[in-house]
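See below for the structure under consideration.
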């Protein structure tokens with residue numbers, strides 16, 4: 001391997017173990033800072049009624065980030081995301097496709113519970129938006145799974161979840177977003193429950209492609225997640241890259257949001 005900061009014999013950029021470790025340490029410190037800010041956040045009215053803010057939890061190296069809508073009553077009580085019936089349903093489906101909850105990172109669009117589990121208001125979503133943006137940048141996932149209408153709208157603006165569930169699209173930076181029903185909604189609707197169980201079965205194939213892409217980055221053969229890629233509206237050849245956050249982990253360790261046509265089972269152009 002090349003020395004840190006240098007190219008290999010063929011001129012390709014090769015990432016050393018030391019660089020990857022240093023980058024992960026930086027990302028971990030950044031995520032802990034976000035968590036600390038969320039726990040004491042006063043940005044919107046939800047801070048006045050919460051018991052606990054819920055920053056999110058999981059594997060910082062994961063290539064998969066799940067984004068829900070907001071904490072419910074049990075999440076507010078425990079300060080953890082998806083710990084009620086919907087969380088159990090999500091965990092069971094992850095296990096069914098060969099993943100553990102600990103393999104992925106889970107968070108929400110808003111970090112505090114809206115009263116009576118109502119939808120978060122636009123100003124509440126806006127107040128929390130920076131936290132999610134920073135979490136995405138620091139975890140640096142290849143795949144963002146949106147759970148429910150509210151999180152879907154960030155990556156599939158104007159879309160209907162009944163029409164785009166199970167579809168994924170390029171959102172820029174070597175990433176795709178996969179739209180899914182919220183687990184709580186799936187538990188209330190037998191037809192949506194069946195669709196949820198079908199849609200999540202796309203993840204193993206997407207994760208396999210994501211790991212192959214990150215392995216190619218380490219060999220200097222591809223661009224990492226989090227920087228413009230060919231096909232992105234802000235792509236440029238001179239954009240500096242950073243090591244992939246999950247390339248060194250096993251497959252089970254599981255910025256522009258440029259729009260592209262949603263895809264169901266097709267090829268992804270970016271990884």
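Computed from the coordinates by the stated procedures, all read-outs in this text should not be read as laboratory data. Every value quoted in this text rests on a predicted model; they were computed, and no experiment measured them. Backbone-built Cβ (ideal geometry, glycine too); neighbour counts: all protein chains shown.
First measure r as the distance between the Cβ atoms of residue 191 and residue 95, then evaluate 1/(1 + (r/R0)^6) with R0 = 22 Å and state the FRET efficiency to the nearest 0.05.
So the FRET efficiency works out to roughly 0.45.
Give the shape of the range 43-186 as rounded, prolate or oblate, defined through the alpha-carbon gyration tensor: a ≥ b ≥ c are the square roots of its eigenvalues, a/c under 1.5 means rounded, and otherwise the shape is prolate if a/b is larger than b/c and oblate if not.
Cα axes put the range 43-186 in the rounded bin.
Using the number of other C-beta atoms within 10 angstrom as an exposure proxy, rank 41, 112 with the fewest first.
41, 112
Give me 180, 152, 195 sorted ascending by neighbouring Cβ count inside 10 Å, so fewest comes first.
195, 152, 180
In what order do 160, 62, 86 fall by count of nearby beta-carbon atoms within 10 Å, going from fewest to most?
In increasing order of surrounding Cβ atoms, one gets 160, 86, 62.
Percent antiparallel among DSSP beta bridges with both residues in the range 17-218, to the nearest 5?
30 percent
What length, rounded to one decimal in nm, is gained on full extension from residue 215 through to residue 160, with 0.36 nm per residue of separation minus their alpha-carbon distance?
Between residue 215 and residue 160, full extension yields an extra 16.3 nm.
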